[in-house]
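Just below is one structure, and these are the notes that go with it.
The values are calculated or read from the model by the stated rules, or taken from the named source; none is laboratory data. Bear in mind the structure is a predicted one, so any value in this text is a computation, not a measurement. Here Cβ is always computed from backbone atoms with ideal geometry, including for glycine, and neighbour counts include all displayed protein chains. For the accessible areas, the whole protein counts, side chains as well, though only heavy atoms, and no ligand, DNA or RNA atoms are used. Shrake-Rupley method; radii C 1.70, N 1.55, O 1.52, S 1.80 Å.
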Amino acid sequence: MTQPIKVLMVDDEKRFRETTRKILERNGFQTILAENGAEALKSLDQGPDVVILDIRMPGMDGHEVLEKIIEIKPDLPVIMLTGHGEKDSAEQALVLGAFDYLSKPCDIDLLSDKIREARRSRQQAGKPQEDLVGSVMIPLSAYTTIDEDATIAQAVEALKNSFVALTATDRIMETGHRSVLVMDKEKQIQGILTIRDLLELVLPGYLTSPKPSMADSIQYSPMFWRGMFTSAIEHVRSSTISEVMSPVPVSIDADATLMEAAWLMVDQDQRRLIITQNGKPLGVIREQDLFFEMGKGLIPSRTRSGR
């Protein structure tokens, strides 16, 4: 498995730097922080793979820092972060040699994807090299987990929270993954809980059980359905997650290719896979992660995500 990507984050706002560092590290990146252009140039000695650079900074602005980075390390990709109404400034950064730009607020999945793309562009020689699944995964530390003995009420709360932005500022957004990994006391994955699992739980068994052929045409009246959902929720609220969770998703090795992951998802009807190395779970790859990878081949490279 490849080494974590080292990212140099350059921004004059301390809170944003620290927030972004925590988010990026939860997503498997190493980070170096710099609060201004001069500090960023000194930090180049630490060997970053990618630079994330805010355009608006006191002293040297992003354009000046970009020009100096290109002079010192011409092969180091720089991603510019721009504010609302700064499209012309961002376009100027592209002319100067920036790899790409993203508009604020920026979704962390999109930023992570752009960082990996920038690092890969630096490594390419001849035919483009694909990432392996271990480079695209969401680390376990960044995924929502819950104990297998938790109740359905607790599970609903955890899933609900995964829809809420975990971190949201005027520059970056981090959202949940809309499913929950179920762990035992030894922190081993025992299953996964999704919204579909909860919907299946509240359905009365007789609605999905086989019916005699003569009953196929039975239509339930509106009165039949009324109140069923509420009463079913009340009935299951004290059940445990282990009674409803889906099995552990199919596993794939961290050094497997993206096509292997795509084939497993389709062949095994999976929306996500567990990434392992030497039998140890490392993270999760989701169908949307593969979707982002597809976009790189289908969308012209100079099409800007921030536009």
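Data overview
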quantity	calculated
Separation of alpha-carbon centers, segment 53-101 and segment 231-291, rounded to whole Å	39 Å
Å² per residue, accessible surface of segment 228-299 at 1.4 Å	59 Å²
Accessible surface of segment 1-58 [probe 1.4 Å, protein heavy atoms]: carbon and sulfur percent	43 percent
Rounded accessible area per residue of segment 1-151, 1.4 Å, Å²	45 Å²
Per-pair calculated FRET efficiency, R0 = 30 Å: residue 161 and residue 96 via Cβ, rounded to 0.05	0.10
Highest average packing first - 22-32, 184-194, Cβ atoms within 10 Å	22-32, 184-194
Listed peptides 59-70, 108-119 by packing density, highest first (mean Cβ within 10 Å)	108-119, 59-70
Whole-percent pair-distance distribution, where bins are 10 Å wide, for the alpha carbons of segment 2-52	28, 57, 15, 0
Rg and Dmax of segment 44-98, Cα atoms only, in Å	10.8, 33
